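Right, one structure below, let's go through it.
The values are calculated or read from the model by the stated rules, or taken from the named source; none is laboratory data. Being a predicted model, the structure only gives us computed values, none of them experimental. Here the Cβ positions follow ideal geometry from the backbone for every residue, glycine too, while neighbour counts run over all protein chains shown. Note: accessible area is taken over every heavy atom of the protein model, side chains too, but ligands, DNA and RNA are not part of it. Shrake-Rupley method; radii C 1.70, N 1.55, O 1.52, S 1.80 Å.
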Amino acid sequence: MKMRIVALLLAITMIMLAVSGCTDTGEEIDNPELGSASDVVSLGEVPAGFEQLGVRELDTSGVLDGVGSEETVNAATQGIYKNGDSVEVQISAIECTDTEAAQTLVSDYKNEFNPMVQGERFTEHSFNDHFATRIIWYVTEGGEDVPRYAYVWNNDSMVVQVRGTTSDPNLLFTFAQATGY
């Protein structure tokens, strides 16, 4: 009998959740956990061996390597971190006008990359209760092609990008997780 009551309560709860998710009023709902761009780039716990060099405001036009516009971006901030080996990591946070603008910004940024001849340029990774896209490209360093990575995602109306001067995607993944977004 107790199992039936628990099952019934669970079913009612699931129905209530489903119905509440389907009542879109068209209004943007503020996420109380979502802070400002400067909150995103100032990490509470900096990965071991790194220190924050500073935070700077970015121009709201062309925030992601030339992608973005003043019409859809409210503010953009970048945090810069460095370790003793001169590895630099940049965390950029872009506050967009709404979730749709943030999704469009991420999509437009990804469209700036040409397809790779071999391998996959984009891979999806899950952390902090969302998915992010890891992007790979190559730079010439010391006469050799070496990989560089960036993680990019949106959390509601906030777009976050983590990139650096390292060929270690795990290090950048650690920074992406450390944002909490």
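Mind telling me which of the residues Glu57, Glu70 ends up being more than 22 Å from Asp168 (Cα to Cα), surrounded by fewer than 16 Cβ atoms within 10 Å (Cβ to Cβ), of a type in the set (Asp, Glu) and at pLDDT 90 or above?
Glu57 is the lone residue from the list that is more than 22 Å from Asp168 (Cα to Cα), surrounded by fewer than 16 Cβ atoms within 10 Å (Cβ to Cβ), of a type in the set (Asp, Glu) and at pLDDT 90 or above.
Are there strands (runs of 3 or more DSSP E) fully within region 29-145 with at least 3 residues that are without any contact (Cβ under 8 Å) to a residue 24 or more places away in the chain? List them.
Per the criteria, 122-127, 130-141.
Go over the candidates Phe127, Phe113, Phe122 one by one and state the one that is aromatic (Phe, Trp, Tyr) and open to solvent by 50 Å² or more (accessible area, probe 1.4 Å).
Within the list Phe127, Phe113, Phe122, the selection yields Phe122.
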